[in-house]
Amino acid sequence: MAQERPPVDEMHYEALAQEALRGVIRSALDRAAGPQGIPGAHHFYITFRTDAEGVSVPEDIRARYPEEMTIVLQHQYWHLDVRDDGFSVMLKFGGASRTLSTPYAAIVRFYDPSVQFLLQFEPPPPVPAPAVAPAADAAAPEIDGDPADEGPKVISLDQFRKK
């Protein structure tokens, strides 16, 4: 007897549901960006991938949070700009005002503790770091193994890392 193959979800319902739930975040942020701000005791903890495509974070902040960070929108936030694909907001870090911008696809958690409302998402794939060209006077990379070997070559990248 032949085994039946499981049905294939060609509608991609999981992705559609994730997209719809990110619309909830957009609506909440849209309301927070209005003249009245965030209503009542509501406030938002938004965790996003700093290494995701489309995220704009000042380099010193990205250095402290290279993969993920959580921001809180409650009393002290400015210039909340809500767009169809993401949002930007000005927050204070160490007394300095800084603007962050993130697409909704980079958000991994949205939490409003005032009503215990939580949305969690699969993290987006990280954006590959740009390739850094070695300095002109850098020595040729060392190749491990026998040069006559037909297999893959292993190249040590340590000499190209910033120290």
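Throughout, read-outs are computed from the coordinates displayed, never taken from laboratory work. Not measured: the values here are computed from a predicted model. As a convention, Cβ positions derive from the backbone with ideal geometry for all residues, glycine included, and neighbour counts pool all protein chains shown.
Some points to look at:
- Net charge of neighbours whose Cβ lies under 15 Å from the Cβ of K92, counting Lys and Arg as +1 and Asp and Glu as -1: +1
- Placing +1 on the Cβ of every Lys and Arg and -1 on the Cβ of every Asp and Glu, with nothing else charged, gives the stretch 13-120 a dipole about its Cα centre of roughly 340 debye.
- Computed from the alpha carbon atoms alone, the convex hull of the stretch 13-120 holds 100 Å³ per residue.
- Net charge of neighbours whose Cβ lies under 14 Å from the Cβ of S56, counting Lys and Arg as +1 and Asp and Glu as -1: -2
- Linear extension gain, K92 paired with D60, 0.36 nm per residue minus alpha-carbon span: 10.2 nm
- Sites R83 and L21 - FRET efficiency at Förster radius 25 Å, r taken between beta-carbons, to 0.05: 0.90
- Each Cα pair under 8 Å and six or more residues apart adds its sequence gap; the mean of these over the residue count of the stretch 26-112 is a relative contact order of 36 percent.
- Distance distribution note for the stretch 35-82: the fraction of Cα pairs above 13 angstrom is 64%.
- Neighbourhood net charge (13 Å Cβ-Cβ; Lys/Arg +1, Asp/Glu -1) for R26: -2
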